[in-house]
Amino acid sequence: MQTDFEKALTQVGKKGFLDLDVPAGLDLVAEIARLKQEKNIVLLAHYYQESEIQEIADYIGDSLGLAQAAAKTDADMILFAGVHFMAETAKILNPTKKVLLPDLNAGCSLSDSCPPPIFKTFREAHPDHLVISYINCSAGIKALSDIICTSSNAQLIVDSLPKDQKIIFAPDKNLGAFISKQTGREMLLWNGACFVHEIFSRQRIAQLKIRHPNAPVIAHPECEEGVLQQADFIGSTTQMIKYTMDTPAQEFIVVTEPGILYSMQKESPHKMFISAPPDNTCACNNCPHMKLNTLEKVYLAMQYELPEVTIPQELMTSALQPLQRMLDLSKQFGLGG
Ligand code: 13P
Ligand code: SF4
């Protein structure tokens, strides 16, 4: 007869997550707290997670903060409430620890827009170029890169390289174009994008600006250039939150995934945050991948220690070096860590 664990393992293999019944009336928050303590699990969450997950996280941050938190954790296990490339990053930095992702289907359109075999050919066609890859990419792409960056350190990393160094920037063409403009350097851009950030409507943002003339527009650099031109501030999720805390304005038009509004509102309860509308009839810009994680899945993942993110050892070793370069440079720049 199969044990509960064996049944769970089979299910993860079929579905990518545990679709098991949770006893009615179970206090999930209390159970997750108990499991965290009993098993010494750290819960790392991105700002795009549902509010109830942000509420129980040990650390919430942008991609750089999350990578730094993963690099320095002394927990025995990591539960990553985010998407697959984030959990992979935590695993590369902690090859001997179990890294749990509540739903293995939590991918990323940007990461998917850069398949390693095609990128390898592209890279080989430009042997004199150094490859800077945005952290929103697979372990396979990280292993083909020289330095990893995030939206909070990309400009500093590009600026730190000799002026005559040719650069390939992958996979986000929008972040790449923005950094190119900021640094005045031409870079060869991979043609990838995040579909969540590409559907914001310039026209509807312009209408919002008329209705809220005192509200700064704050945008994530994954947005298209036309949208970024409308922004008063552009930065990573952590930088956007910090801006709303430090700026005297009382209302803000927020152009990124709306999960961030929970943390913004928590930091500045008396300010007003308006989510920028998308260019279609859908009412919101939720990232469907980020929103696959639920409290139930977090609880089940901790209980069964599944689904686990695994990466071949050789790939982990190759992907570590460019990631470590990013962490070392970020430390030099005084960016957390
Ligand atoms: P940051 O939180 O690093 O700004 O990244 C945003 C994002 O799109 C993550 O998928
Ligand atoms: Fe990927 Fe975009 Fe979702 Fe971030 S918001 S995880 S870049 S699809």
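Please treat every number below as a calculation from the coordinates, not as lab data. Small disclaimer: the values here were computed from a predicted structure and weren't measured. Note that we place each Cβ from the backbone using ideal geometry, even for glycine, and neighbour counts take in every protein chain shown.
Using R0 = 35 Å, the C-beta based FRET efficiency linking L161 and N105 works out to 0.45.
Which trypsin sites (Lys or Arg not before Pro) in region 3-83 pass both tests, a DSSP loop state and at most 14 other beta-carbon atoms within 10 Å? Answer in residue order: no site qualifies.
With all pairs of different C-alpha atoms in the average, the Kirkwood value for the hydrodynamic radius of region 92-208 is 15.5 Å. Per the Cα gyration tensor, region 291-337 maps to an equivalent ellipsoid with semi-axes of 30, 18, 8 Å, ordered largest to smallest.
For the chain, what is the mean residue ellipticity at 222 nm derived from helices alone (per DSSP H run of n ≥ 4: -39500 (n - 2.57); sum divided by total residues; nearest 500 deg cm²/dmol)? Calculated at 222 nm, the ellipticity per residue is -12500 deg cm²/dmol. Each peptide in 17-30, 162-175, 42-55 was scored by the mean count of other Cβ atoms within 10 Å over its residues; highest first, the order is 42-55, 162-175, 17-30.
Computed from Cα atoms alone, the Kirkwood hydrodynamic radius reported for region 32-129 is 14.7 Å.
Subtracting the Cα-Cα distance of E267 and A125 from their residue separation scaled by 0.36 nm leaves 46.4 nm. Under the criterion of Cα pairs below 8 Å and six or more residues apart, the relative contact order for region 181-337 equals 20 percent. Taken as Cα centroids, region 161-181 and region 39-54 sit 31 Å apart, rounded to the nearest whole angstrom.
The smallest convex shape that holds all Cα atoms of the chain, its convex hull, gives 151 Å³ per residue.
Note on H126, H212, H220: ascending count of other Cβ atoms within 10 Å places them as H126, H212, H220, the fewest first.
Taking the centroid of alpha carbons for each part, region 273-337 and region 69-128 are 8 Å apart. Relative contact order of the chain, taken over Cα pairs closer than 8 Å and 6 or more residues apart, is 23 percent.
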